[in-house]
Each structure stands twice: as structure tokens, then as C-alpha cells.
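This report concerns only the one structure given below.
Read-outs: derived from the displayed coordinates by stated rules, not from any lab. Bear in mind the structure is a predicted one, so any value in this text is a computation, not a measurement. Here the Cβ positions follow ideal geometry from the backbone for every residue, glycine too, while neighbour counts run over all protein chains shown.
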Amino acid sequence: MLFRWAFDRFVPVWLQVVFVAGLIAAVAWQDYSRRDTGRLKSHNHTGRPIFSYWVNDNWGGNGGTTCCWSFRGDTAEVVWILDVTPKDIEAGLKEERHSVTLPMPVRSREDQYLHVHFLPGNRVEMAWSPTLQSPLSERLREEYHNDD
């Protein structure tokens with residue numbers, strides 16, 4: 001009550017309008033800026049471990065989920081490093097770095113997770129979803145893991 005009285009008495013009306021407009025703009029900007037942020041979730045369908053990966057310079061780690069990245073633009077550059085196990089080293093394999101540029105998948109307002117699927121032959125598929133479950137998982141599991 002005292003604050004409202006002091007605010008009305010000592011702050012000119014035009015400054016009150018500017019303050020309220022600024023507050024509304026800040027809230028609207030936060031809502032707008034959240035639309036292009038998301039999490040990365042990797043899925044490895046290759047026979048080699050993924051040491052690390054990036055999507056548009058946003059680090060995805062070496063598995064699991066990483067958070068709060070900005071995804072802008074119509075394309076996504078995916079860079080990944082295939083690691084080697086002791087068995088791979090014995091077979092003469094070395095660490096490999098690959099990259100590919102793909103169209104950014106269509107995203108709905110509810111989508112939070114960009115699922116990055118690493119496939120044999122150094123191919124990548126991506127899809128957005130609102131949950132940790134990728135919309136591509138079932139198809140790719142059947143296609144690449146049907147003998148498991």
C-alpha cells in the first residue's frame with residue numbers, strides 16, 4: 001500500500017507507462033528466446049563408441065543428454081569423433097573425426113530434445129521431440145539392431 005502510494009505520487013505517469021511496457025517486453029522476449037533453445041540427446045547405432053559430438057558448435061558430450069543450447073537456422077552441422085576401444089586399437093583402427101550438414105528438423109513448440117542418431121556408414125539422422133523418447137528410435141532399432 002505504501003509502495004503504491006509512493007510510486008503514484010513520485011513517479012510521473014509517462015515513466016510508469018515506460019516501466020510497464022519494458023516489463024511486458026522483457027517477459028515477451030524471454031518467451032520468444034526460449035523457442036530456439038533445447039537439449040541434445042544422442043543415440044549410437046554404430047559399432048564404435050562416440051567420443052564427443054557437436055551440433056552447430058553446441059557440445060553433446062559422449063552420450064546422454066546435454067542442456068540448454070541455442071538452435072537457430074535451417075541447417076545443422078553435426079561433428080563427431082568415433083573413439084577406439086582396446087580391441088579396435090589391436091585391429092588397427094584409429095580415432096576418426098566426421099562432419100555432415102543436414103537440414104534442421106521441423107520443430108513444434110512443445111519440442112525440447114534434439115535427438116541425434118549416429119548410424120553406420122558415418123550417417124546421421126535427427127528429430128525433435130518433447131520427451132527423451134526419439135520418434136526415430138523404433139524404426140532405427142529395427143533397422144540396425146534386429147539381430148540383437
Amide proton proximity set for MET104, modelled H, under 5 Å, gap of 5+:
THR75, ALA76
Rounded, prolate or oblate: which fits the range 38-144 when a ≥ b ≥ c are the square roots of the eigenvalues of the alpha-carbon gyration tensor, with rounded for a/c under 1.5 and prolate only if a/b beats b/c?
prolate
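Counting Lys and Arg as +1 and Asp and Glu as -1, what is the net charge of the other residues whose Cβ lies under 11 Å from the Cβ of SER52? Working shown, then result.
Details: positive: ARG97; negative: ASP83, GLU95.
With Lys, Arg at +1 and Asp, Glu at -1, the neighbours total -1.
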LEU114: net charge of surrounding residues, Cβ under 12 Å, Lys/Arg +1, Asp/Glu -1, itself excluded?
0
